[in-house]
Amino acid sequence: MPQLLRVQNFNVSRDGFGAGEHQSLERPFGHADPGTMFAWAGATASWPNRTAPGGSRGLDDYLTRDFSHHIGAEIMGRNKFGPQRGPWADHEWRGWWGEEPPFHTPVFVLTHHPRPSFTLSDTTFHFVDADPETVLAMAREAAGGKDVRLGGGATTVRAFLDADLVDTLHVAVSPVELGSGSRLWESPEDLLDRFHRDVVPSPGGSGVVHHLFWRK
């Protein structure tokens with residue numbers, strides 16, 4: 001079986017932005033409201049942060065549950081890892097997720113300013129200054145035969161799309177407009193020269209529309 005590079009449960013606004021402007025420690029998604037953008041996943045029975053019983057089943061739940069299936073490594077951009085820019089001023093910063101990150105695999109963070117790797121729980125973060133092809137090769141080796149997830153943000157996903165390295169994408173389009181920020185696309189039709197696509201409205205009544213792409 002080939003090792004796929006997969007984009008999963010990636011949220012964008014109706015006008016194509018994966019995050020807003022002015023990212024900060026307090027606002028990882030800038031002026032975008034993650035409570036609105038990710039409401040469809042948070043309402044499911046399989047949402048990992050659920051503290052109360054219940055939650056929806058069906059397609060939204062399946063996509064949430066499938067997030068980690070057969071994933072052996074993740075690639076993310078530096079802006080997903082944290083809000084710092086330029087040379088690392090604070091090596092004590094170890095990501096948004098606390099002592100038990102949700103990845104459970106090696107994670108390769110793209111940055112022009114490498115720093116030593118470190119491990120939290122069962123997740124090891126590596127900081128790499130390299131082109132998409134090189135980073136993907138490193139992640140595939142670390143994944144031990146499983147697939148690699150391309151976690152974002154939008155600029156990072158776009159770079160791997162432009163390098164023609166992505167095999168499958170699931171993009172959840174939320175019924176909000178951001179107007180500015182990190183843009184994934186002008187229109188989902190931008191990808192139809194290289195990908196098949198199914199478009200499925202969320203059955204949960206959230207107004208989210210799931211776009212499922214796979215390489216032609």
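Just so it is clear, none of the values below were taken in a lab; they were calculated from the coordinates. Predicted model, so just to flag it, every value in this text is computed and none were measured. Cβ placement follows ideal geometry from the backbone for every residue including glycine, while neighbour counts extend to all protein chains displayed.
The chain: longest stretch without exposed GluC sites (Glu not before Pro) (DSSP loop, at most 11 other Cβ within 10 Å), sites themselves excluded?
100-176
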Q | Principal axes of segment 1-81: Cα extent on each, largest first, Å | A | 36, 36, 24
Q. Helix-derived [θ] at 222 nm for the chain: sum -39500 (n - 2.57) over DSSP H runs of at least 4, divide by residue count, nearest 500?
A. -4500 deg cm²/dmol
(Q) So, R0 is 25 Å and r is the distance between the beta-carbons of T119 and S68; what FRET efficiency does that work out to, to 0.05? (A) 0.90
(Q) What does the net charge come to around G16 if you take all other residues with beta carbon closer than 12 Å to its beta carbon, with K and R at +1 and D and E at -1? (A) -2
Q. Using only the Cα atoms, what convex hull volume per residue in Å³ does segment 93-216 have?
A. 150
Q: Taking 7 Å along the Cα-to-C-beta vector as the label spot, tell me the W97-R57 distance in nanometres, rounded to one decimal.
A: 2.9
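How many times 2.2 N^0.38 Å is the alpha carbon radius of gyration of the chain?
Working: Rg = 16.6 Å, N = 216, 2.2 N^0.38 = 17.0 Å.
Output field value: 0.98.
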Q) What does the charge add up to near T44, with Lys and Arg as +1, Asp and Glu as -1, over the other residues with Cβ less than 12 Å from its Cβ? A) 0
Q.
Could you compute the net charge surrounding T134? Neighbours are other residues with a C-beta less than 12 Å from the C-beta of T134; K and R count +1, D and E count -1.
A. -3
